[in-house]
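A quick write-up on the structure given underneath.
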Amino acid sequence: MTQKNRVFRFAPSPNGLLHLGHAYSALRNRERALECGGEMLLRMEDIDTARCTPQFERQIVEDLNWLGIKWQGPVRRQSEHFGDYGEALGKLREMALVYPAFLTRAQIRDRVAEAERHGPAWPRDPDGAPLYPGGERALSGKEAAAGMDSGRPFAWRLDIDKACALAGPDITWAETGHDPSGQTGTIAADPRAWGDVILARKDTPTSYHLSVVVDDALQGITDIVRGHDLFHATSVHRLLQNLLALPEPRYHHHALLVDGDGRKLSKSDGDTAVAALRRSGATAKEVIQMCETGARI
């Protein structure tokens, strides 16, 4: 691969204002693209059509332009490409790697609590959520179809054991950044740590995990630069790329900006929003300096 065709992307969700943490990630993508003569694309990850709004998207675009962060080509909006994600999900269904799961969040919580009352702590994924405790993997095709036809809400979950068996044990990724413990270089993926992740829901035809790997492939992304809060999710993404025969990008997970209490910046932290800093009189240069010198983990 030559440096000329390296492609990066900044992919915010327009469900809130752009804050300093987002701006820092956008700056890192722009910086690395400029260093190698590559391109940076802008993608709006707006599969949550209830919370993501055109108003937030316009403000994000305005803030990026104000900061001097430019991108190439049109903005890709995930909400305009549900068909692409449905096609990918269909391939996984044909491979018998996904199944409809019917437990609600409350039922999952109750089952896990009941199991923990009578045994050890229930296994959790790297984000701390309990692994899915349902038994729908064992449903026959007729039983699964009956459940879906009943009108009950459900999620399409990846059968992680079957998926890992098909993909094989040697899934890795090339990491040029690091995770909090300092891992870098060739990283061995561990998708089983996530259990049977959700790939789509009855009322939302995709999930973050599925849409992000499809988008990266369709946009020709060669280098993914993002915060190390997504380091462990890369295991799921590499598994899906393997199953769907998608290209393998390089990854660079960077440090996160944190607040005074050491917490990751959030969209609910209005005082760290770029728009709020602009209104307070800060210049673009000053905001960029805040990103560059801010406390990080």
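General observations
- Separation of the Q289 and E87 label points, Cα + 7 Å toward Cβ, nm: 4.9
- Residues of region 184-206 with amide N under 20 Å of the 7 Å Cα→Cβ point at L230: 184-195, 197-201, 205-206
- Taking other C-beta atoms within 10 angstrom as a stand-in for reagent exposure, H209, H253, H178 fall in the order H178, H209, H253, fewest first.
- In this label model, V258 and E94 are separated by 4.7 nm, measuring between points 7 Å along each Cα→Cβ vector.
- For region 34-74, the residues whose amide N sits under 11 Å from a probe point set 7 Å from the Cα of A275 along the beta carbon direction are 53-63.
- Equivalent ellipsoid dimensions for the chain as semi-axes, Å, which come from the Cα gyration tensor, largest first: 34, 22, 20
- Helix axis angle, 54-67 relative to the chain longest principal axis, alpha carbon, degrees: 40
- Per residue of the chain, the DSSP helices (runs of n ≥ 4 H) give a summed -39500 (n - 2.57) that works out to -11500 deg cm²/dmol at 222 nm.
- For region 81-249, the residue among S140, A155, L199 whose Cα projects farthest onto the positive side of the dipole built from Cβ charges is S140.
- The chain, relative contact order [Cα under 8 Å, separation at least 6], %: 23
Any read-out appearing in this document is the output of simple, stated calculations on the displayed coordinates, not a laboratory observation. All of these numbers come straight from a predicted model, not from anything done at the bench. Cβ sites come from the backbone with ideal geometry, for glycine too, and all protein chains shown count toward neighbours.
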